[in-house]
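The values are calculated or read from the model by the stated rules, or taken from the named source; none is laboratory data. Computed from a predicted model, the values in this text were never measured in an experiment. Using ideal geometry, Cβ is built from the backbone for each residue, glycine included, and neighbour counts are taken over all protein chains shown.
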Amino acid sequence: MANAVLESELDLEALNKTLSEMDASELVSWGAETFGNSLVMSTSFGIQSAVMLHLVTQALPNIPVIWIDTGYLPAETYRFADELTQRLNLNLKVYQSAMSPARMEALHGRLWDQDNVEALNRYNYIRKVEPMQRALTELGAKAWLAGLRANQTSHRQTLGRIAKQNDIYKLHPILSWHSRDVYQYLKAHDLPYHPLFEQGYVTVGDWHSSRPLTADDDNERDTRFKGMKQECGLHLPQTKGEADSLNSSSL
């Protein structure tokens, strides 16, 4: 990818009308042409992460792939990450909190066990949000490809194919995809789900804040954060509006 220089702010409303007509691969190509070497992508190595990793790296094999390692991921996730990194030859950029898990627990306790949203917000900021902000800054990112899907959370239903978060453009190639689209893509390209999918997980993050889906769950994100939150904060703008959203049980 070549370096791209944006001479002015992008008109998101107009662009979303245009980009809504593009398929996922076309949007990735548009992002590469528009942002050049300042385009990055992120991954959680979650249940369906192989889709975006394959889709994007087929077109952009050397794109920086940001992975936030919280230090609390399941063993299966670390092995899955290693498998996909080798198979797809990923240009992986691993970022972690400057505060070790042991130090965080000594100073703040087991934040995920305190049964309140404020503690979860602190946990997510320390272990996820701050490392991601640092990654985007150090990599000189102007745009970020993310595998969000509209049917995952209330917040994601409000997104367009392109959005802006903290002065960085976000591109969502598979925003309109459903679980069947994901399955068909994985099958067509002989790609794996995360190993915990076979144990009933439909989404997975840290070991202490993820569980298998049950018949009592209304939404797949109910299996995260003890049902108190749907978003960890990585995909919410760091503004007063985000603070309101983070403290809402619906986000």
Pair list, Cβ < 7 Å and 6+ apart or interchain, from the range 179-205 residues that are within 15 Å of Leu73 (Cβ to Cβ) to residues that are acidic (Asp, Glu) and surrounded by 12 or more Cβ atoms within 10 Å (Cβ to Cβ): His194/Glu76; Pro195/Glu76; Leu196/Glu76; Thr203/Glu220
Test: Leu111 is of a type outside the set (Lys, Arg) and touching a residue at least 24 places away in the same chain (Cβ under 8 Å): no
Hits in the range 1-50 (condition: among the hydroxyl-bearing types (Ser, Thr, Tyr), more than 19 Å from the chain's Cα centre (by Cα) and modelled with pLDDT of 95 or more): Ser29, Thr34
Single unsatisfied condition, Asn62 versus (1) at pLDDT 95 or above; (2) more than 24 Å from Gln199 (Cβ to Cβ); (3) under 17 Å from the mean Cα position of the chain (by Cα); (4) of a type in the set (S, T, N, Q): (3)
